[in-house]
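Report on the following structure.
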Amino acid sequence: MYVYQDLNPRGLASNQYGGLTYRLMIPLDSIMTDNELRHAIYYATTGICTAPKYYTWTTPVNFDLMSRQAKEAKIRFVVNNSTSLCTPNLTPELFGRTCGIIADLLEELGWTKDNSGIALFNEPAKFLGHGTPGSIKYVEYVKRANDYVNGRFDLWIVNDEYNNDLLDFDYIFANTNDVPNRIFCPHHLSSLGETPAWQNVKDCKTRANEWGVPIGCSEGGAWYHEYRSPIGDAINKKLLAECYKYDYDFCTIVCIDNNEWTVANTWGKLGYRIWNNDYSATTKPLTEWDSWVEEIKKYKEEEVIMAYLRPIIQQEFYDAMGWGTKPYHNNTPSLPIVGRKDANAALTWGSFDAVIETILKGLISGLKENGALPEAFPEPMDIKYKIDGSWNNDWQEIAKERIK
C-alpha cells in the first residue's frame, strides 16, 4: 500500500512516502484554446482564486514544480483536477479537455499509468449537489474526462467523504462501467467522526468489491484531533493499518506539513510539522514526528518487496493458462505471494489456505480455457476469494458451514 502526501507544500516532497497528490485549483474559461489551457495548467499558481482559504498556500506551487518535486523524490504523482473550486461555470466539456491536457502533460514528463493518475474533483458534492441529482451530474464529468484521457491513466473517482447522503455511490458505479481504470476513492477524514468509525474503511472495501473496482483513500487523517497529539497520531496510524488490512491500494494523509498562517486562519489541528509561512523553518516542537516517520517506513518497505513485474517467462505461462493479470494486480510477482503481506510474520493457516485456493482457481480456469477439462467440471471454490478475485469478507462463515 502506498502512503501519499496531500496538499503538499513546495520543497517538502519526501521519498519516505509512496507519492503525492497535487490539487489543480486555477480559474479556466471555455473560450480558452488548448494551448492557453495547457499553459495555465502547467504554470499557473494553484489556490490563488475563489477557492476556500484553507486551500491557499502562502508559498506558490504549480503543476511544473510539484511534478519535478515528485520526480526528484522518486515517488508517485497524482493530479487532482479541482478546477471547479476556481471555475464556477465549469462544464463537462471543459473539465474533459482539462483532464486530457493533464494526461498529455503527464506523458510528456515521463509519467505512466504505473506511477501516476488523475483524480476527478475534490469533494464534487460541494460543486454538483448532493444525492442522486449531484451524482447524475458527476457521471457526466467522469465520462467526458474518460473520453479525453482514453485509458492512459487511472481515474480516481468520488473523492468525497464517505457519507451516503452526499453522493449516490451505487448510481455512480452502475453508470460508469464503460470507464476503464476506475478507482473508488472515499475520504476517511471528517466522515470518520470524532470517535473514528473504523467500520467505514471495511464497508468501503466491501462496496468496491461489489462494483469490481480497486479502492484507495484519497484524503484521510485525524480531522478532529491534532496530529501532534497522541490521540491524533494514533488515529492516523490506525487509518493506515485499517486501509492496509482491507487491501486499499493507497492511503492519503492530508496536510502532513502545515504553516502558521493556515493553522491560525483555518482548521488548526492538521500537521505533524508546523512551519513558518515560507516553509523554511519549523516553529513548533516536532511532537510525534519521529514516531510517524518510523510508522510509514513499514509501508515503504513493503513497496520495495512487492513492486516488481513478473519475469517475462512467468507472465507467458500466466497468459497461456488464461490467468493474465487476474485475480491480482500485475505487480504481484506470483500467486503464492498473496498470503505474505509482512515479510517478518509467520505464514498463517488462513494465508496458506488462500494460497492453495488461488492456485486451484488458476489451474482449473486455465485447463478449461485450453480444453483440458470439460466445461461441466466443478468450478473452483469461492471461500477466501470471490470469483472476480476480490477478498470475501464472509469467508469464515462459509468455511464453518458444516460445523454443527
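The values are calculated or read from the model by the stated rules, or taken from the named source; none is laboratory data. On a predicted model such as this, the values are computed, not experimentally measured, just so you know. For neighbour counting, all protein chains shown are included, and Cβ atoms are generated from backbone atoms with ideal geometry for every residue, glycine included.
Per this entry, residue 72 is not counted among residues that are assigned to a helix (DSSP H, G or I), at pLDDT 90 or above, more than 23 Å from the chain's Cα centre (by Cα) and not small (Gly, Ala, Ser). Here residue 159 does not qualify as polar (S, T, N, Q), more than 22 Å from residue 97 (Cβ to Cβ), within 17 Å of the chain's Cα centre (by Cα) and crowded, with 17+ Cβ neighbours inside 10 Å. Residues that are buried (at least 23 other Cβ atoms within 10 Å of the Cβ) and not aliphatic (A, V, I, L, M) within segment 260-270 comprise just one, 262. The condition (being free of Cβ contacts under 8 Å to residues at least 40 places away in the same chain, in the same structural domain as residue 7 (by TED's automatic domain parsing), of a type outside the set (Ser, Thr, Tyr) and farther than 17 Å from residue 67 by Cβ) is satisfied by just one residue among 122, 175: 175.
One line per residue, one yes/no per condition, for (1) in contact (Cβ under 8 Å) with a residue 40 or more places away in the chain; (2) closer than 18 Å to residue 222 by Cα:
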| site | (1), (2) |
| --- | --- |
| 166 | yes, no |
| 197 | no, yes |
| 207 | no, no |
| 212 | yes, no |
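Cβ-Cβ contacts under 8 Å between residues 6 or more apart (or on different chains), taken from a first residue in segment 279-299 that is among the charged types (D, E, K, R) to a second residue that is assigned to a loop (DSSP other than H, G, I, E, B) and surrounded by 13 or more Cβ atoms within 10 Å (Cβ to Cβ), are listed as 284/228; 288/227; 288/228; 288/229; 288/272; 297/16.
Annotation: residue 96 fulfils all but one of (1) more than 28 Å from residue 257 (Cβ to Cβ); (2) among the small types (Gly, Ala, Ser); (3) not in a helix (DSSP H, G or I); the unmet one is (3). Among the residues of segment 134-160, write down those that are of a type in the set (Phe, Trp, Tyr) and in a helix (DSSP H, G or I). The answer is 138, 141, 148. Inspect all residues belonging to segment 84-93 and state whether any of them is part of a helix (DSSP H, G or I), farther than 20 Å from residue 9 by Cβ, assigned by TED's automatic domain parsing to the domain that holds residue 274 and modelled with pLDDT under 95. The answer is yes; a qualifying residue exists. When we screen 96, 11, 18 for residues that are touching a helix residue (DSSP H, G or I) at 6+ places or on another chain (Cβ under 9 Å), of a type in the set (Gly, Ala, Ser) and on the phi > 0 side of the Ramachandran plot, the only hit is 11.
Screening 261, 223, 275, 267 for residues that are touching a Ser or Thr at 6+ places or on another chain (Cβ under 8 Å), closer than 15 Å to residue 189 by Cβ and aromatic (Phe, Trp, Tyr) leaves exactly one candidate, 223. Just wondering, is there one or more residues in segment 57-67 that are assigned to a strand (DSSP E or B), aromatic (Phe, Trp, Tyr), over 16 Å from residue 279 (Cβ atoms) and at pLDDT 95 or above? Checked against the condition, which is being assigned to a strand (DSSP E or B), aromatic (Phe, Trp, Tyr), over 16 Å from residue 279 (Cβ atoms) and at pLDDT 95 or above, segment 57-67 yields no hits at all. Being in the same structural domain as residue 285 (by TED's automatic domain parsing) and within 15 Å of the chain's Cα centre (by Cα), is that true of even one residue in segment 226-236? Within segment 226-236 (the criterion being in the same structural domain as residue 285 (by TED's automatic domain parsing) and within 15 Å of the chain's Cα centre (by Cα)), the answer is no, since none of the residues qualifies. Of the residues making up segment 105-120, just one is closer than 12 Å to residue 79 by Cα and more than 20 Å from the chain's Cα centre (by Cα), namely 105.
Residue-by-condition table, conditions (1) free of Cβ contacts under 8 Å to residues at least 40 places away in the same chain; (2) crowded, with 19+ Cβ neighbours inside 10 Å; (3) of a type in the set (Lys, Arg):
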position	(1), (2), (3)
4	no, yes, no
10	no, no, yes
17	no, yes, no
20	no, yes, no
27	no, no, no
58	no, no, no
76	no, yes, yes
89	no, no, no
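Taken over segment 195-216, residues that are loosely packed, with under 15 Cβ neighbours inside 10 Å, at pLDDT 95 or above and not in a helix (DSSP H, G or I) amount to 2. The residue pairs whose first member lies in segment 363-379 and is over 19 Å from residue 320 (Cβ atoms), whose second member is assigned to a loop (DSSP other than H, G, I, E, B), and whose beta carbons are closer than 8 Å, counting only pairs six or more residues apart or on different chains, are 379/387. Flag set for residue 253, criterion: surrounded by 23 or more Cβ atoms within 10 Å (Cβ to Cβ), part of a strand (DSSP E or B), within 15 Å of the chain's Cα centre (by Cα) and assigned by TED's automatic domain parsing to the domain that holds residue 19.
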